[in-house]
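S.K.: Before we start, here is the structure in question, set down as structure tokens.
All of the numbers you see were taken from the coordinates with simple rules; none came from a lab. Keep in mind it's a predicted model, so treat the numbers as computed, not measured. Positions of Cβ are generated from backbone atoms using ideal geometry, with glycine treated the same way; all protein chains shown enter the neighbour counts.
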Amino acid sequence: MGGRRQEAGGRSRRQEQEAGAGGRRQEAGGKGSRQYAVFPIDFVERRLGWAAPRCIIHPMQNKEIRFASRPAGMPTLDNFQIVEADVPKPNDGEVLVRTLYISVDPYLRGRMREGRSYVPPFEVGQVITSGIVGEVAESRSPVFQPGDVVTGMLGWRLYNVVKPGELRKVDPRIAPVTTPLGVLGMPGLTAYFGLLDIGQPKQGEIVVVSGAAGAVGLTVCQIAKIKGCRAVGIAGSDEKNRYLREELGVDATINYRTVQKPDRQEGISNAGGMLHALKEACPKGIDVYFDNVGGEISDAVLPLLNHGARIVICGQISLYNLDKADVGPRPHPYLLVNSALMKGFIVSDYAARFSEGVTQLAQWLAEGKLKYAETVVKGFENTPRAFIGLFAGENLGKQIVKVADA
Ligand SMILES: NC(=O)c1ccc[n+]([C@@H]2O[C@H](COP(=O)([O-])OP(=O)(O)OC[C@H]3O[C@@H](n4cnc5c(N)ncnc54)[C@H](OP(=O)(O)O)[C@@H]3O)[C@@H](O)[C@H]2O)c1
């Protein structure tokens, strides 16, 4: 089964981003991955005059990114601290993993807040964790060999010591090694189960997706198309919307940043130009709304719901940086008169079915029915910056940090 990448002008979107094209800022390569200094044998023999081993391995330096303080509003670089550390030694049964790619995700903002949620908050001083793809540098476990590519929820470190049960092998022959962080990982599965299990889209129905050009959103849009629906995407730039229409076949798009606002119609305060734009894009109403952002964008969907509509509450990114609870319209009357369903979910609710989801997503990829985009920022030290960039819409598709070459 061959993985597919989103092609743009003959190159994958990821290649384009790494090359600095497509309007994406590129940070210069990080200073992180300088652990192995390998000199040619003849150089060693000539300069040092002693029989050389196959290579010289300099003492390795580790770095880690700690959660320094809880953000008030939008996170800033001050909320993170980059610290040098020793490379840990694996004990019997453990492996040492060298980080190659780090996933930054909006839900991490929730973990920076104190209080009860579906995952415990980060403690101040703790190393931040998220999805990571790495390479086994040293193994004291029979399960993994040095050189194996693996993925797991690991610390934002150059090197992590990990128990084998926390890792999954990545097969680079199936798809590029970054895909377990995106289309074949948590975001892809979120799109798959949220849309199909809760949204239950049927042929010919109208599916509206907010956050449509992000990792989850662009997968939802494409699954809606695979299921024969009319897909309408809402995203924050004309370039993103063009990508959705021209590369992914999304039927109509709305740039929420340029619609006029606010006005007050149909009891939905501030829905304004968003409601107008949605009416134009969905003259027959909305059957499924996949909500990645919440707030005013989602308010505007309510008056357009069709009978039996389903609202999938996946994310509320527009609210994540608010310190006070947002006040919006009460959705209940709209749900009542339309016999509509509104349901939230966390992707881990579907853990028992993950292999089904990955198998189907990988098959669609191999068949060319599903594409993906990645925005890759280079350099370990730029991880906090890449995370903060999510809230400014700097990413198209999955936001990843490249730490080192395999
Ligand atoms: N329920 C679950 O289990 C689950 C799992 C994964 C993700 N999620 C949620 O799903 C959503 C998408 O996640 P993702 O990983 O795919 O992230 P993403 O969409 O790749 O990245 C975030 C995007 O959100 C948009 N955004 C940021 N601030 C916004 C605002 N104030 N109003 C409207 N849009 C805003 C930006 O795009 P624009 O340029 O369009 O503004 C940005 O690119 C998030 O809310 C996330 O928390 C939920």
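S.K.: Explain nothing, just the number: relative contact order of segment 271-356, from Cα pairs under 8 Å at least 6 residues apart, as a whole percent.
M.R.: Working: 113 pairs, mean separation 25.0, N = 86.
It rounds to 29 percent for segment 271-356.
S.K.: Out of residues 5 or more away from Glu138 or on other chains, whose amide H comes under 5 Å of its own, with H placed 1.01 Å from N in the peptide plane?
M.R.: Those qualifying (amide H under 5 Å, at least 5 residues apart or on another chain) are Leu96.
S.K.: Can you tell me the FRET efficiency between Met60 and Val124 if r is taken as the Cβ-Cβ distance and R0 is 35 Å, rounded to the nearest 0.05? Display every interim value, and only then the final one.
M.R.: Details: r = 27 Å, r/R0 = 0.78.
The value I calculate is 0.80.
S.K.: Follow-up question, since we're still on this one. Hey, can you grab everything whose amide H is under 5 Å from the amide H of Asn62? Only 5+ residues off in sequence or another chain; H modelled, so Pro and N-termini drop out.
M.R.: Under 5 Å from the amide H of Asn62 lie the amide H atoms of Ala85, Val87, each far enough along the sequence or on another chain.
S.K.: If you don't mind, there's one more thing I want to ask. Sequence gap at least 6, Cα distance under 8 Å: using those rules, report the relative contact order of segment 186-348 to the nearest whole percent. Walk me through the numbers on the way to the answer.
M.R.: Details: 345 pairs, mean separation 35.3, N = 163.
Relative contact order here is 22 percent.
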